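Bear in mind these aren't lab numbers, they're just calculated from the coordinates by the rules spelled out. Treat the numbers as computed from the prediction; the structure is a model and nothing was measured. Neighbour counts are summed over all protein chains in view; Cβ atoms, including those assigned to glycine, are modelled from backbone coordinates with ideal geometry.
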Amino acid sequence: MVSLIAWSLAFSLLSHTASNLAEEALAGLLEQLALTRPGLLGVVLVRALLSLLQIGLLVIPIVLAILLTSGAQLNFPPLTLLPLGTLAFGSLGLGLVLGGLALVYKRVGQLLGLLQFLFLGLFLVRFEALAWPWNALGYLLPMTPSVAALRLLLGRSEAPGWDLLLLAGINALAYLALGIGFFQRAIRRARQQGTLGTY
């Protein structure tokens, strides 16, 4: 259940960023957003933070309904906010990569559908239970250390080690930096091609 909650939060944020950019490209609003004071990246980051709040408010009643109907229990210690934050930063980074693809290629709807099932499978695999080379490689994948920490905190009511939390933070910051860098390159490429305001 923890994996499904994490998947719904992460994929909602990831797809929201990319689909908003694709819709604005279709409406011809990207040039106006790029000319604003914070720039297109600043606007996208602020919108992503606001959509994270919105998605969180939508997921809370769903989680409560699942808990009430299934009889399951989830403990929510304050430390849970740390892996949730790293999950959000990692998904924001991947959302920026998809948003950059939407800037250049304009159509990412089919890719989002494919990634939905890929991330569901990725979140359901328990990399911490695999043998040595595979669990280490699994933690290099996006957001998997955050999901492992959430499984320990919410599923087993155990505190994850600081090494896992540090790995989750490094993983999230790496994917966020990758997303920001890719998005900025995509903006430059779309401007050079003259396709920022066209669909």
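Please tell me if Leu114 is within 18 Å of the chain's Cα centre (by Cα), surrounded by fewer than 12 Cβ atoms within 10 Å (Cβ to Cβ) and in a helix (DSSP H, G or I).
On the way: within 18 Å of the chain's Cα centre (by Cα): yes; surrounded by fewer than 12 Cβ atoms within 10 Å (Cβ to Cβ): yes; in a helix (DSSP H, G or I): yes.
Considered against the rule, which asks whether it is within 18 Å of the chain's Cα centre (by Cα), surrounded by fewer than 12 Cβ atoms within 10 Å (Cβ to Cβ) and in a helix (DSSP H, G or I), Leu114 comes out as yes.
Which one of Glu24, Glu31 is buried (at least 17 other Cβ atoms within 10 Å of the Cβ) and either in a helix (DSSP H, G or I) or more than 13 Å from the chain's Cα centre (by Cα) (or both)?
Unique residue meeting the criteria: Glu24.
Of the residues Leu137, Leu98, only one is closer than 30 Å to Thr195 by Cα and either in contact with a Gly (Cβ under 9 Å, 6 or more places away or on another chain) or in a helix (DSSP H, G or I) (or both); which?
Leu98
Only one residue in Leu68, Leu9, Leu49, Leu57 is under 21 Å from the mean Cα position of the chain (by Cα) and either assigned to a loop (DSSP other than H, G, I, E, B) or surrounded by fewer than 11 Cβ atoms within 10 Å (Cβ to Cβ) (or both). Which one?
Of the residues listed, the single one that is under 21 Å from the mean Cα position of the chain (by Cα) and either assigned to a loop (DSSP other than H, G, I, E, B) or surrounded by fewer than 11 Cβ atoms within 10 Å (Cβ to Cβ) (or both) is Leu57.
Looking only at residues in the stretch 123-154 that are hydrophobic (A, V, I, L, M, F, W, C) and under 13 Å from the mean Cα position of the chain (by Cα), which one is nearest to Pro78 (Cα to Cα)?
Val147
Which residue pairs have Cβ atoms under 8 Å apart, sit 6 or more places apart or on different chains, and have a first residue in the stretch 136-156 that is of a type in the set (Lys, Arg) and a second that is surrounded by fewer than 22 Cβ atoms within 10 Å (Cβ to Cβ) and assigned to a loop (DSSP other than H, G, I, E, B)?
Short answer, once both residue conditions are applied: Arg151/Arg126.
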